[in-house]
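The values are calculated or read from the model by the stated rules, or taken from the named source; none is laboratory data. Keep in mind that what you see is a predicted model, and the values were worked out from it rather than measured. No Cβ is skipped: glycine too gets one built from the backbone with ideal geometry, and neighbour counts run over all protein chains shown. We work out accessible area using only protein heavy atoms, side chains counted, and drop any ligands, DNA or RNA first. Shrake-Rupley method; radii C 1.70, N 1.55, O 1.52, S 1.80 Å.
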Amino acid sequence: MPPTRGTSPAPERRLRSSVRRAVVAGALALTTIGAGVIAPAAGAAADAAPAEGLLVDYRFDQTSGATVANDARGSAFGSATVENANDSQWADGALTFTGGPKDSSGTWVRLPQNLLIGKDAATITTEVKIDASMKNAFNFLWNIGNDGTQTYFFSSVRDSARAAITNSYGGGEANARSTTNLDADRWYSLTTVIDGATDTLSFYIDGQLAGSTTTALTPASITDQSLNTIGRSPWPDPLFQGAVSQFRVYDRALSAGEVAAVSDADAQQHAEEVRAQAQRSLQQLTDPVAVTDTTMTLPDVGGTVRWSTTDASASIASDGRTLTVTQPAAGEPARDVALTATATTRGVTATRQITARVQPAPAETDPYGYLMVHFIEDSQGYAEKIYLDVSRGNNAEQWDPLNGGQPILASALGTTGVRDPYITRNPETGTYYIIATDLRVFGGDNGADGCFDWCYWSSKGSTKLVVWQSDDLVTWSAPRQLDVAPPSPRLGMAWAPEATWVPNFDGTGKGSFVVYWASKIYGEGASQPGYSRILWGSTTDFTTDTYSYGGVFVDDGGETIDTTLIQNDGKTYRITKDNAQGKGIYMDVTASPTWWESGTTWTRVQERIGASWAGGNAGGVEGPAGFKRNDADQWYLYVDVIPSVGYKPMTTTNLDAGFAVLQSADYYMPPHTKHGGILDLTRADYDRVRAADAVAAVSSDLGHVEVQRGGDAEAALPAAAEVKTAYGRANSSLPVQWDVSGVDTSKIGSTVVTGTVRSIGANDNAWVGRDGSTAWNAQDRAPFSTTEIRVTATVDVTEASPPTPSPTPTETVSPSPTITSSPSPTTVPTSTSSPAPTASATAAVAVSTTAVEQGGVFRVTVTGLNPGEQMSAELRSDPIRISGIPAADATGRTVFDVRVPRDLAPGAHTIIVTRADGSVIARQGITVAAAGTLAATGAQSPLGAGLLAAFLLVAGGIAWYTRRSASRVG
């Protein structure tokens, strides 16, 4: 039957609605709260929602009845019907949805049939408040379709709220999923926009884009729209529980601005609550906020808060969150910076004054910051790879993804997937290791002969760990595999490996890792394995040469997986996931120094850890990852809310008392961060990782270098490139790996070469097989990086120049080393007639200080040269060539002083000292501070006034390629 024209609301209802909206609008016009003034932002509360294309507009503000009129003017669609209606469900300008099983007497709304038949685009908006039960229960907030499960268009508020459409059951859903979970008992504007013209499905929360995806499906793909609903799913899911005050359907894709206007207009219905939300956002902020780094991302309380400052010693970037300051020197007191926090909630703003307490800079060897390894689960793609996040400064509760949130590493070995990674360090060698499960769930080998998916992966899965190693946390090796299975018993798989270093494990002064993982074990002659236990072995480097199988570590008589350890005050706390007895994640403790051995006595501390994050379901969390804060007796435990929510935080200040949910408005971890491990860093580690998180080269063309016929082209090319780093941090200088295979230095001419900047994104994070395949069984798999940064340079091969006399050797400090500021090419001091370096000459470089302010001076002493040998130097990351350096004296020693340009950017720089042939003698880090910040503290080593006057380094302002064109630094 064709739809009928909607009826107008009764006069009493129309008057009540109009009066209520007028009162609310007036209340929002100007309101003062303790934190500041709230007022509608431009285009916000007083603006009406768009009317063009509006098919239905249901306002659930009546006080009784089961029929809700359509207020969309000129629409052909009629009223909506409340099923199982009860007058008590009408309250506070909204309809209460009571929830319950699908076939119960719970409330739901029947919408007109065929609402979006034949439509290529649509927008559906809902003003909704969800009950806490909906955060973990399957539900449909609304559905366009029928009572079947093959084709439907819907929105759900479970886990990370989303919108989706399918014409091929649940497996074919195209999902636009948000990255945050909704809070219970709070009003939200949830909007879904589907646009056939752009093949996009978008999901908005409170007028802000929260998720999007591409899809060729449109509402027209849903050809049977015989049962369109609010609060009822075609699946056997529970009915929606919460409240709805407004529901609209448009036959077009609203713009982002129009979606925001809808959100702000509907906020008028809950003026007091919106006002309270803005207030709560500000009150959740810590005052003072600790600033532990020169660049820090300030908390935004779910995206609602932006920051500003009038303090000349600090700045906040255009994103309203990135704070840049100069830290006091080590040993100096913290200093305060005044900030203003502004919260905006659906067009309403509030302000609060907050103090930023800038902490002094730590020493390079001080504990500082944390690095987290993890994976991401994406059923729509191939995301089972290695990801790294770094803490925001020394804040253990806030995390930034490295490499733009893209993977750092991928495995083309075994199953071609990696999950449950862990990161650790051998303290004897300084080598870092990442170990991970060899398992690809999405797109992997899913079994055969009646044993598929998890049955197959746990009984006939890989028993090999995937291993990477690194000396600096930036450049990682190619993956290798370590089979942890012994000859007997047979293992079904090896999952979630972790490792703890045990000093003296192999005898005095000979430590080793005890590595532990989950495996099903086959009984003798059995065709199927028994339950999962935690097993252990030992190794120093995760190679077959040093590995030895140990035995059973945890056997609780049922399925156990995912063990992690925390050690403190001579005790070992073992945290494990039980999948058999209802314990969930549980923690035991022992004081035994040989905690890994069979027969060790363990005492139970806590069960069902983190179950509240999964709605009280102890089985809904797994993959615990624990670590200690480096500046306090506080421990964190992250629990992975499955299947896709990811890590949620627990904390304690007393391990023997167990963990509780972390209550912190400042906590931030990117959504869907799943099962991994955390590594403590030093300040040097932290700075190195941050400096390597490059987003682009400052210049992709590093200019020309000159090489004499028959010379070494690679040695002549720039050793490093200046790069822009992520999160608004200062530029850094990173090594460049050049490909000179196309250069023939026997022939005069010019060749353009390409180099790869050795950023953290330069590691192989993808692979491709024959014919472009990424299937798990693809042949000829070749690793590569999707995020590497490339630069170019031109190698000019010229005829050899005749030798020129070298400067007269001297044993005194040189006259002023300088840099030529002219853009014309100049020549690096050479040693054509100087004695060539010999094998016996082992040069060394020392500097008078590693911390100097803008305009300051430091002294460089080079020893171990050959008498009369000439060398050269550059100050980077803004490449500044130092000329006029004297040749080595009769003892092989030369000394020169360098004044740092006053306009050189504060931050980490490097002085690079080279021989005349371009080989590098040493690279020494120099930290440049803003003028005046070190002199008052005595941190900068003074030089005599005569030296300050005598030695001058001029920056010039020449681009990299001009400066480099005449230099030759390896």
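Annotations for the structure displayed:
- Residues of region 234-261 with an amide N closer than 13 Å to a point placed 7 Å from the Cα of Asn84 along the Cα-to-Cβ direction: 237-242.
- Per residue, the solvent-accessible area of region 248-385 (1.4 Å probe, heavy atoms of protein chains only, all protein chains present) comes to 37 Å².
- Ala290/Asp903 FRET efficiency (R0 22 Å; Cβ-Cβ; nearest 0.05): 0.10
- Pairs spanning more than 25 Å between alpha-carbon atoms, out of Lys520/Lys648; Lys385/Lys464; Lys460/Lys583; Lys464/Lys520; Lys102/Lys674; Lys385/Lys460: Lys520/Lys648; Lys460/Lys583; Lys102/Lys674.
- One chain, two ends: Thr774 and Thr546. Fully extended at 0.36 nm per residue, the span grows by 78.8 nm beyond their Cα-Cα distance.
- Segment Ser315-Ala580, extension gain: residue separation times 0.36 nm, minus the distance between their alpha carbons: 90.0 nm
- Label reach from Ser226 (point 7 Å along Cα→C-beta): in region 101-144, amide nitrogens under 13 Å belong to 113-114.
- The heavy atoms of Lys464 offer some 80 square angstrom of accessible surface to a 1.4 angstrom probe.
- Compared with the dominant principal axis of the Cα atoms in the chain, helix 271-283 is inclined by about 30°.
- Once the 1.4 Å probe is applied to the protein heavy atoms, region 640-789 comes out at 41 Å² accessible per residue.
- Between 0 and 90°, nearest 10: helix 256-267 axis offset from the chain longest Cα axis: 50
- Listed options for Rg/Rh (Cα atoms, Kirkwood Rh) are [x] 1.11; [y] 1.02; [z] 0.99. The value calculated from this structure is the one marked [y].
- Averaged over its residues, region 70-204 has an accessible area of 35 Å² per residue, based on protein heavy atoms and a 1.4 Å probe.
- Pairwise FRET efficiency - Arg604 versus Ser644, Cβ, R0 = 30 Å, nearest 0.05: 0.50
- Region 157-171 and region 597-666 have Cα centres separated by 30 Å.
- A helix-only calculation puts the chain at -2500 deg cm²/dmol for mean residue ellipticity at 222 nm, using -39500 (n - 2.57) for each DSSP H run of at least four residues, averaged over all residues.
- Compared with the direct C-alpha span, the chain from Glu332 to Ser64 gains 89.7 nm at full extension, assuming 0.36 nm per residue.
- In Hz, Karplus ³J(HN,Hα) per residue of region 680-696 (6.51, -1.76, 1.60; θ = phi - 60°; x = Gly, Pro): 6, 10, 9, 4, 5, 4, 4, 4, 5, 5, 5, 5, 8, 7, 8, 10, 5
- Cα centre as origin, Lys/Arg/Asp/Glu Cβ charges: the chain dipole, Debye: 1100
- Per-pair calculated FRET efficiency, R0 = 41 Å: Thr792 and Ser133 via Cβ, rounded to 0.05: 0.10
- Signed unit charges on C-beta, dipole axis of region 580-730, positive-most listed residue Pro624, Ala614, Val707: Ala614
- The angle between the Cα long axis of helix 11-29 and the longest principal axis of the Cα atoms of the chain comes to about 20 degrees, rounded to the nearest 10.
- Accessible-area composition of the chain, carbon plus sulfur, in percent [1.4 Å probe]: 50
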